[in-house]
Amino acid sequence: MSTSTEYQPFLESERLRLRPLTEADVDGDYALWLNDPEICAQNSHATFPMSQENLRSFVTQASQSKTQVTLAIELKDGNRHIGNISLQSIQWIARNAELAILIGAKDCWGKGYGAEAATAIVEYGFQRLGLHRIHCGTYSGNAGMANVAAKLGFKEEGLRRQAAFKDGTFLDVIEYGLLADEFGRRKTKEKL
């Protein structure tokens, strides 16, 4: 179980802190998540083995990138690293980014942590980064990500037929998108 108090949280929500990834995360369960077929059944990880050395390189690269913001999702109660969230493939001219979420701690599945973390990072993307559009794509069978997209007000934009290959099967990818003004209107309605 990985814990870290090396960094102050970058973003916070009711139950979570979103903070930069650290060496302590690499030495914890992070690499195990990325090699676990069950955890990675609905994403592109666990296709090639992930070593701690490769993960250290990723953490270093992510901390220096200007085209992605990757944060650890940490429970406030116990300072436990349970997953990661990112805005990646940021396109500064088009003001677009892709949302990606991984909840690696299986005992934290189905508790709304992904949606809570996504709300925080999407708000950050629109308000602090000045993004205009945030999108995500997910395998057609990924009910968890579909639920997160729906909770945040993402619109289904299309289907890429058999665009992914996982465990010997071609899978459809559903694309979702959210515009800054749509998110702003939704936040305003929630406050009323």
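Heavy-atom accessible surface of the chain, averaged per residue, reaches 54 Å², computed with a 1.4 Å probe.
For the chain, the membrane-span-like helices by this rule, meaning whole DSSP H stretches whose C-alpha atoms cover at least 20 Å of axis and whose Kyte-Doolittle mean is -0.5 or above, are 113-127; this says nothing about an actual membrane.
Surface composition of the stretch 81-183: carbon plus sulfur atoms hold 50% of the accessible area, using a 1.4 angstrom probe and ignoring ligands, DNA and RNA.
When only the Cβ of Lys, Arg, Asp and Glu is charged (+1, +1, -1, -1), the dipole of the chain relative to its Cα centre reaches about 740 debye.
When the Gaussian network model of the chain links Cα atoms closer than 10 Å, the mean-square fluctuations of Glu182, Glu14, Glu116 top out at Glu14. Rounded to the nearest 20, the Cβ-based charge dipole of the stretch 34-111 about its Cα centre (Lys and Arg +1, Asp and Glu -1) stands at 260 debye.
For the chain, the number of Lys pairs with C-alpha atoms closer than 18 Å, counting only pairs eight or more positions apart or on separate chains, is 8.
Using heavy atoms of the protein chains and a probe of 1.4 Å, the accessible area assigned to Cys136 is about 0 Å². What is the stretch 51-98 by shape, rounded, prolate or oblate, if you read a ≥ b ≥ c off the alpha carbon gyration tensor as root eigenvalues and call it rounded for a/c under 1.5, prolate for a/b larger than b/c, and oblate otherwise? The shape class here is oblate. Here are a few candidate values for P(r) over Cα pairs in 10 Å bins from 0, in percent: [x] 9, 26, 27, 23, 13, 2; [y] 9, 36, 39, 15, 1; [z] 9, 31, 26, 17, 11, 5, 1, 0. Which one was actually calculated from the structure I just gave you? The calculated read-out lines up with [y].
The values are calculated or read from the model by the stated rules, or taken from the named source; none is laboratory data. This one's a predicted model, so the numbers in the text were calculated from it and none came from an experiment. All Cβ positions, even for glycine, are placed from backbone atoms using ideal geometry, and neighbour counts span all protein chains on display. Just the protein is used for accessible areas: all its heavy atoms, side chains included, with ligands, DNA and RNA removed. Shrake-Rupley method; radii C 1.70, N 1.55, O 1.52, S 1.80 Å.
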